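Right, one structure below, let's go through it.
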Number of protein chains: 2
Amino acid sequence: MPKKELTIVEIAKMAGVSTSTVSRVLNKQDHVNPAKRQKVQEILDRSGFQPSATARAMVSKRTNTFGVVVSDINNPYFTTLVSQIEAAAKDAGYSLLLFNTQTAGGLQQSTITTVEIEAFHRLEEKKVDGVLILGGEIDRADPDADYLDALHQLAQHLPVVIVAQPLKDSGFNFVARYQKLAATTITQHLLACGYHDIAFIGGEPGITITNERLAGYREIMETYRTFREDRVFLSDYYAQSGFDSMTELINQNDLPKAVVAINDQVALGAIRALNDHGLNCPKDIAIASCDAFPNSTFFTPRITTIDHHNTRLAQIAVAKLLNAISPKRYPLGDLSIEPPSLLIRESSGLKGTKS
Amino acid sequence: MPKKELTIVEIAKMAGVSTSTVSRVLNKQDHVNPAKRQKVQEILDRSGFQPSATARAMVSKRTNTFGVVVSDINNPYFTTLVSQIEAAAKDAGYSLLLFNTQTAGGLQQSTITTVEIEAFHRLEEKKVDGVLILGGEIDRADPDADYLDALHQLAQHLPVVIVAQPLKDSGFNFVARYQKLAATTITQHLLACGYHDIAFIGGEPGITITNERLAGYREIMETYRTFREDRVFLSDYYAQSGFDSMTELINQNDLPKAVVAINDQVALGAIRALNDHGLNCPKDIAIASCDAFPNSTFFTPRITTIDHHNTRLAQIAVAKLLNAISPKRYPLGDLSIEPPSLLIRESSGLKGTKS
DNA sequence: CAAATATTTGTAATCGGTTACTTATGTGCA
DNA sequence: TGCACATAAGTAACCGATTACAAATATTTG
């Protein structure tokens, strides 16, 4: 069924020229007679000829493809990142080879690393021009040694940009968000709203994102002498665990006045738990979180959260990768990313707030 | 910086054998002396050699890559689909080349089609082994002619599977959901709950998903002689339009008793609008929708919705594509998909319901 | 033990483009 | 007119694997 496609040799025959001439027309190079150029172009257009990227890659050593390794594409944060990266890459003429390792949430760590290392191997053999890594094992404060070996090997062969909190002295190219600042900002906001007893829920222990956000929360709470170890409930990044943590808090019969959730999904689960017990957010307990997922403006209550400017983050990541591939063609422009913005909405209980 | 990688020629030299022998070891073929095989394998392992997929593709004419063209990866329905497709493809040894055309939501139709046609061209030149199309222009009841031309051309060159409602007599390979049945089910459920005045909100006009769901709703409403043209509010698939439609309904001062929303996001927006006006769902107005997005169990109220078994849908799509590529290796098994399941939760107002 | 057969290994063509190099043709200037 | 130089077009090597085929070696069999 699959109809045979044309090759440059056939086009050349049709036009009565050599393959090199066709190639020159195809790549809009000089040194081709205008009349001949037009004729060849016409045949090219008429036949809908698509030069084989495979053959091209053979000799040019460039595939115009980026590899993306993402740990959980179903997490809205990563979904946004992937879609923005895809757009930026497309603008620069690159396609995306996607590897979703789905390693977030309760897998054995050994499984996680093998799935990710496997992805690295596929990327090496596919000869992508660069790799973007979004989360996964690298998010761990203390990543697996085999994983780091594999990552180093990968980075030796091709440009790699990692969207995660930098791993000290690792020598990799990181693009990071202000995780700690996000947490201090949100905690300070809750304090400013008049709450002193503030809990922290969600986030996987051992993950840098969690560590840094927790550190930010802790720092502020300690400054105001109101930190309590037993107000911290780590788990993961999903709504279910927000629900579970809040349920636990409620059953303890010692409700805090406010809660910092690791992200909007966890906040959603927490609110759901409150409602199930006849409690109201923000009246009985205020909630604020991070990550500004697209739908959280429509939750009831609307969730006070932090916008990390993920679109910009994606653009910077792609810009860095392009620069690593071709510094003259893609000079590094401004790589600064705005500090996270506080989006004050209803859930933190400030009077008269909405969207 | 990028360190040069090894080639088969160098491996062959190191092992003191010919390239064909190395190739045979690499591909676990017969006719190689066990001792020699082991020696070569050792060198292969030690050097971490990754054969060039590009060179391999040149001669084998297979890239072990699928192209995926998705119209809006930020829509949770498509995100789920992509992640499941990725998993199924990976199991069969295929990688995914991702094209997000982001054509959902308010673009000029001419732009939509050019972006998608552009993606088709990229896929042809990248020589993928098969293409999956998820939504986009094909979702239109009357797709653009240029688009259909391009799609036909693509399908002539390589296997294509489309996840969308079948376009009559188009000859393409479709994988579809029971859209109409979903709508009749959800409408009947609301009627069974005792509501007669039921509105329909969300969905883009001219899109088959919308048309079929609307037709299902209408059919049931007409059966019970309760259909009203002015109870239909089409728009798109996002929370904002659910919010807008519901706001309009409220301002009309003639509230229906229940609402069918095109999906959970639209339902979320609608509920938000109700709350803003001091109205309660399900007390003042019941809502039910389709698509069972991951977080909708945690909304307040939990949303009654329809599960379309999207995981299965993704698996079927990949199975069909694999079969189109190699019928003997991947015989078509059972391709049936369960009819959509009704998930009765709080928002439709049935007493004593929760999760 | 020779002939027939099976196994192992190597040689070289091939996939479809790009590009360095060569040759042919055209133009400018003294 | 002659020489330098720019432009046009073609030839063939090359990228890194696979594979058809041939050659060499080992094994079986009468």
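The values are calculated or read from the model by the stated rules, or taken from the named source; none is laboratory data. Since the model is a prediction, treat every value here as computed from it, not as a measurement. Every residue, glycine among them, receives a Cβ derived from its backbone with ideal geometry; neighbour counts consider all protein chains shown. Ligands, DNA and RNA are stripped out before the accessible areas are found, and what is left, the full protein with its side chains, is counted by its heavy atoms. Shrake-Rupley method; radii C 1.70, N 1.55, O 1.52, S 1.80 Å.
Which of the chymotrypsin sites (Phe, Trp or Tyr not before Pro) across segment A:193-243 are loop residues per DSSP, with 13 or fewer other Cβ within 10 Å?
A:Tyr224
Charges on Cβ only, +1 for Lys and Arg, -1 for Asp and Glu, centred on the Cα centroid of the protein assembly as shown; of A:Leu167, A:Ser60, A:Leu249, which one is farthest towards the dipole's positive end?
Value: A:Ser60.
What trypsin sites (Lys or Arg not before Pro) does segment A:220-268 have in DSSP loop regions with at most 14 other beta carbons within 10 Å? Walk me through the intermediate numbers first.
Values: sites: A:Arg225, A:Arg228, A:Arg231, A:Lys257; in loops: A:Arg225, A:Arg228, A:Lys257.
Here the trypsin sites (Lys or Arg not before Pro) that fit, given the DSSP loop and packing criteria, are A:Arg225, A:Arg228.
Return the whole-Å distance between the Cα centroid of segment B:1-52 and the Cα centroid of segment A:38-106.
30 Å
Straight-line reach from A:Lys36: which lysines have a Cα under 20 Å away, not including same-chain ones fewer than 8 places off?
Cross-link targets: A:Lys13, A:Lys28.
Put the label 7 Å from Cα along Cα→Cβ for A:Gln109; what are its distances to the other copies, in nanometres, shortest first?
5.6
If the chain between A:Asp230 and A:Glu118 were fully stretched, how many nm would it gain, using 0.36 nm times the residue separation less the Cα-Cα distance?
36.3 nm
Distances longer than 46 Å among the Cα atoms of the protein assembly as shown: what percent of all pairs is that?
26 percent
In the Gaussian network model of chain A, springs joining C-alpha atoms below 10 Å, which of A:Thr21, A:Thr80, A:Thr247 carries the largest mean-square fluctuation?
Checking each option, the largest mean-square fluctuation is seen for A:Thr21.
In a GNM of chain A with a 10 Å cut-off on Cα contacts, which of A:Arg122, A:Arg24, A:Arg62 has the highest mean-square fluctuation?
Between A:Arg122, A:Arg24, A:Arg62, it is A:Arg24 that shows the largest mean-square fluctuation.
For a test of the definition: using alpha carbon positions, the gyration tensor, and the 1.5 limit on a/c, classify segment A:8-51 as rounded, prolate or oblate. Walk me through the numbers before you get to the answer.
Numbers: a/c = 1.38, a/b = 1.34, b/c = 1.03.
Taking the square roots of the gyration eigenvalues as a ≥ b ≥ c, segment A:8-51 is rounded.
From the label point of A:Arg228, set 7 Å along Cα to the beta carbon, how far off in nm is each other copy's matching point, shortest first?
5.3
Which value, in debye to the nearest 20, describes the size of the charge dipole of segment A:64-176 about its Cα centre when Lys and Arg Cβ atoms bear +1, Asp and Glu Cβ atoms bear -1, and nothing else is charged?
My answer is approximately 300 debye.
Can you give me the long-range amide H partners of B:Phe200? Hydrogens built in the peptide plane at 1.01 Å from N, cutoff under 5 Å, separation of 5 or more residues or another chain.
B:Val232, B:Phe233, B:Val260
For A:Lys283, list the lysines whose Cα falls under 27 Å from its own Cα; do not include residues on the same chain fewer than 8 positions away.
A:Lys257, A:Lys351, A:Lys354, B:Lys283, B:Lys351, B:Lys354
Just how large is the dipole of chain B about the Cα centre, in debye to the nearest 20, putting +1 at every Lys and Arg Cβ and -1 at every Asp and Glu Cβ?
Values: 36 positive and 39 negative charges, 416 e Å.
For chain B, the charge dipole is close to 2000 debye.
Could you please put A:Glu204, A:Glu229, B:Glu248 in sequence from largest to smallest accessible area, using a 1.4 Å probe?
A:Glu229, B:Glu248, A:Glu204
In segment A:8-51, what percent of the accessible surface is made up of carbon and sulfur (1.4 Å probe, ligands and nucleic acids excluded)?
50 percent
Among A:Ala92, A:Asn310, B:Gln156, pick out the residue whose Cα is farthest towards the positive end of the charge dipole of the protein assembly as shown, where Lys and Arg carry +1 and Asp and Glu carry -1 on C-beta, about the Cα centre.
Checking the options against the dipole of the protein assembly as shown, the answer is B:Gln156.
With labels modelled as points extended 7 Å from the Cα through the Cβ direction, what inter-label distance (nm, one decimal) is found for A:Phe174 paired with B:His152?
5.5 nm
How many nm is it between the label spots at B:Asn27 and A:Ala55, if each spot is 7 Å from the Cα in line with the beta carbon?
The two pseudo-label positions are separated by 2.1 nm.
Give the angle, between 0 and 90 degrees and rounded to the nearest 10, that separates the Cα long axis of helix A:76-91 from the longest principal axis of the Cα atoms of chain A.
20 degrees
Pull out the extension gain between A:Gln188 and A:Lys3, defined as 0.36 nm times the separation in residues minus the alpha carbon to alpha carbon distance; nm, one decimal.
Answer, rounded to one decimal: 60.2 nm.
Just the number: Rg to Rh for chain B, Cα atoms, Kirkwood Rh, two decimals.
1.12
With +1 assigned to the C-beta of every Lys and Arg and -1 to the C-beta of every Asp and Glu, and no other charges, what is the dipole magnitude of the protein assembly as shown about the Cα centre in debye, to the nearest 20?
In total the dipole reaches around 2200 debye.
With θ set to phi - 60°, apply the Karplus curve 6.51 cos²θ - 1.76 cosθ + 1.60 along segment B:297-310 and write out the HN-Hα couplings as whole Hz, x wherever there is a Gly or Pro.
6, 9, 5, 10, x, 4, 8, 6, 8, 10, 8, 8, 6, 5
Given the -39500 (n - 2.57) contribution per DSSP H run of 4+ residues, what per-residue ellipticity at 222 nm results for chain B, rounded to the nearest 500 deg cm²/dmol?
Numbers: 12 runs with 157 residues, N = 355.
That calculation yields -14000 deg cm²/dmol at 222 nm.
Compute the distance in nm between two label points, each set 7 Å from the Cα along the Cα-to-Cβ direction, one at B:Glu10 and one at B:Glu222.
Result: 7.1 nm between the two label points.
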